[in-house]
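I'd like to ask some things about the structure below.
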Amino acid sequence: MFCAQVAGQRGRRVLLVDHADAPGKKILISGGGRCNFTNIATAPDRFLSANPHFAKSALSRYTPADFVALVDAHGIAWHEKTLGQLFCDGSAKQIVNLLLDECAKGAVDLALGAPVGAVAHADGRFHVTIGVRTESAPALVIATGGPSIPQMGATGFAYDLARQFGLKVVEPRPALVPLTLGPDEALFQSLSGVATEVVARCGKAAFREAALFTHRGLSGPAILQLSSYWRHGEAIGIDFLPGRPRDWLVAAKRAGPKVTLRNSLASALPTRLADTLAVRLPHGGELVTYTDRELTDIAARLGDWRFMPNGTEGFAKAEVTVGGIATDGLSSKTMAAQRVPGLYAIGEAVDVTGWLGGYNFQWAWASGHAAGMAI
């Protein structure tokens, strides 16, 4: 929709095709129904891609401030929730209506509720079968996203189309998705509903936000962020007490030697979590029964508690997709396919994936703007 309105307002004749019966369905469920429409901390290092430099051009030419100005122009009230995340005060439907209004200004035609059949390229034009009719145009933009949230109608159609035209696809996998734990971690699965602030780490990636225990494993913002970096077979580390010095338990023993380890943990963590961690730690008696070295070792373990996820909850629960249409076949300035004149790919369909918190919307606006200005 964003690409369509940019192109339409430049005088291009645009047909926006969506197999859903209404546009913007994924937008409507985003941000708990209030649409986290951008993040003011947007920067290229907040995006994953096989080419970490690819997103720089589009992001620099259409910024969060640009989209906020559009939101303001439509009289939509918004607020910053946390970490630069901007939400509508009202409903995500306001963003869908904004996009539809802008499309109307550009005289964009909509074709909704009909499946896309054959797509061909001949004589310098693309020919697309939509239901029982065929339309043609000199330019075609692949803007169909990835396979995350298939119950909303998401598919891998973008990848099939890209391969048809000779573009490579980086293996897609679920991102911003809960991680699952195996039977050996059943004790932690019994903590379903317990949340606490942590630092979650995987390789060089680290995020300080809330983690949530679920009946299947781990979720919450810190875990969702980390999931984009996690690969099968990798361990993740959780610092349950971020910011605490390594000798904090030694200091606690000096202050209250008769206090138990479990109670020391419960003073800083949710009680159920403290109980579960204490069961996994040596003997669990009064602090005076531990040597300083033992307490330092326990603090170190609490600062890097290892989990070995056995998977994720898959595309059904993933907010976005890592991977997609390879950027080495696209222009970073225009999002055009380098070897297929008139073909463009934007948004989640491309191998550019943002952090949690409005970054993927900003990539949608920025990449859509880049293509819309180039068509």
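Quick one: with all protein chains in place, what share of the accessible area of region 238-375 is carbon or sulfur, to the nearest percent (1.4 Å probe)? Don't skip to the end; give the middle numbers.
Working: 3000 of 5530 Å².
Its accessible area is 54 percent carbon and sulfur atoms.
Region 275-375: which trypsin sites (Lys or Arg not before Pro) are DSSP loop and have at most 13 other beta-carbon atoms within 10 angstrom? Please report the intermediate quantities before stating the final value.
Working: sites: Arg280, Arg293, Arg301, Arg306, Lys317, Lys333, Arg339; in loops: Lys317, Lys333, Arg339.
Sparse-neighbourhood loop trypsin sites (Lys or Arg not before Pro): Lys333, Arg339.
If you don't mind, another one. Roughly how many percent of the accessible protein surface of region 8-47 is carbon and sulfur, given a 1.4 Å probe and a whole-percent answer? Each step should come with its number before you reach the end.
Details: 1030 of 2140 Å².
Carbon-and-sulfur percentage of accessible area, whole number: 48.
Out of all DSSP beta bridges in the chain, what portion is antiparallel? Express it as a percent rounded to 5.
Values: 46 of 54 bridges.
Counting DSSP beta bridges with both partners in the chain, the antiparallel share is about 85 percent.
Follow-up. Which value, in Å to one decimal place, does the Kirkwood hydrodynamic radius take for region 324-375 when every pair of different Cα atoms is included?
On the way: mean 1/r = 0.0908 Å⁻¹.
So the Kirkwood estimate lands at 11.0 Å.
Using a 1.4 angstrom probe on heavy atoms only, work out the carbon and sulfur share of the accessible area of region 68-198 in %.
Details: 3400 of 6230 Å².
C and S atoms contribute 55 percent here.
What are the principal axis extents of the Cα atoms in region 196-291, in Å, biggest first?
Extents along the principal axes: 43, 27, 22 Å.
What is the distance in Å between the Cα centres of region 359-375 and region 286-329?
Between the Cα centres of region 359-375 and region 286-329 lies a distance of 33 Å.
Taking K and R as +1 and D and E as -1, what net charge do the other residues with C-beta under 14 Å from the C-beta of Val169 add up to? Walk me through the numbers before you get to the answer.
Numbers: positive: Arg163, Lys168, Arg173; negative: Asp160, Glu171, Asp328, Glu348, Asp351.
Result for the local shell: -2.
Distances longer than 19 Å among the Cα atoms of region 1-109: what percent of all pairs is that? Let's see the in-between values first.
Details: 3091 of 5886 pairs.
Of all Cα-Cα distances in region 1-109, 53 percent exceed 19 Å.
Can you tell me the accessible area per residue over the chain, all protein chains present, probe 1.4 angstrom, in square angstrom?
Details: 16590 Å² over 375 residues.
It amounts to 44 Å² per residue over the chain.
Please state the relative contact order of the chain as a whole percent: Cα pairs under 8 Å, 6+ residues apart?
26
Taking the alpha-carbon centroid of each part, what is the distance from region 178-198 to region 131-171 in angstrom?
First find each Cα centre; the distance between them is then 36 Å.
Note the direction-averaged projected area, equal to a quarter of the hull surface, for the Cα convex hull of region 26-178, in nm².
Numbers: hull surface 44.9 nm².
Directional mean of the projected Cα hull area for region 26-178 stands at 11.2 nm².
Given the pairs Lys105/Lys333; Lys93/Lys333; Lys168/Lys317; Lys56/Lys204; Lys26/Lys317, which are separated by over 19 angstrom at their Cα positions? Don't skip to the end; give the middle numbers.
Working: Lys105/Lys333 25 Å; Lys93/Lys333 30 Å; Lys168/Lys317 26 Å; Lys56/Lys204 21 Å; Lys26/Lys317 13 Å.
From Lys105/Lys333; Lys93/Lys333; Lys168/Lys317; Lys56/Lys204; Lys26/Lys317, over 19 Å: Lys105/Lys333; Lys93/Lys333; Lys168/Lys317; Lys56/Lys204.
On to the next question. Looking at the chain as a GNM with Cα springs under 10 Å, which of Thr291, Thr334, Thr312 has the largest mean-square fluctuation?
Thr291
Shifting gears a bit: Count the net charge of all other residues whose Cβ sits under 13 Å from the Cβ of Val350, scoring Lys and Arg as +1 and Asp and Glu as -1.
Numbers: positive: Lys168; negative: Asp328, Glu348, Asp351.
Local charge sum for Val350: -2.
Percent relative contact order of region 1-86, based on C-alpha pairs within less than 8 angstrom and at least six residues apart? Don't jump to the answer; show the numbers that get you there.
On the way: 45 pairs, mean separation 22.8, N = 86.
That works out to 27 percent.
In degrees between 0 and 90, to the nearest 10, how far off the longest principal axis of the chain does helix 64-73 point, with axes built from Cα atoms?
Compared with the principal axis, the helix lies near 70 degrees.
Please compute the Kirkwood hydrodynamic radius of region 120-246 from all pairs of different C-alpha atoms, in Å with one decimal. Don't skip to the end; give the middle numbers.
On the way: mean 1/r = 0.0558 Å⁻¹.
By the Kirkwood definition, the hydrodynamic radius is 17.9 Å.
Same structure again: Ratio of Rg to Rh for the chain, alpha carbon only, Kirkwood? Could the numbers behind the result be given before it?
Numbers: Rg = 24.2 Å, Rh = 22.6 Å.
In the chain, Rg relative to Rh is 1.07.
Sticking with this structure for a sec: List the residues whose amide H sits under 5 Å from the amide H of Ala345, counting only those 5 or more places along or on another chain, with H placed 1.01 Å from N in the peptide plane.
Sorted by chain and number, the residues that satisfy this are Ile142, Ala337.
Related question: Please enumerate, by chain and number, the aspartates and glutamates with C-alpha under 14 Å from the C-alpha of Lys258, excluding those fewer than 8 residues away in the same chain.
Leaving aside aspartates and glutamates fewer than 8 places away in the same chain, those within reach of Lys258 are Glu286.
Could you give the distance between the Cα centres of region 338-354 and region 96-115, to the whole Å?
21
The values are calculated or read from the model by the stated rules, or taken from the named source; none is laboratory data. Remember, it's a predicted structure, so these values are computed and weren't measured experimentally. Positions of Cβ are backbone-derived with ideal geometry, glycine not excepted, and every protein chain shown enters the neighbour counts. What goes into the accessible areas is simple: the full protein's heavy atoms, side chains included, and nothing from ligands, DNA or RNA. Shrake-Rupley method; radii C 1.70, N 1.55, O 1.52, S 1.80 Å.
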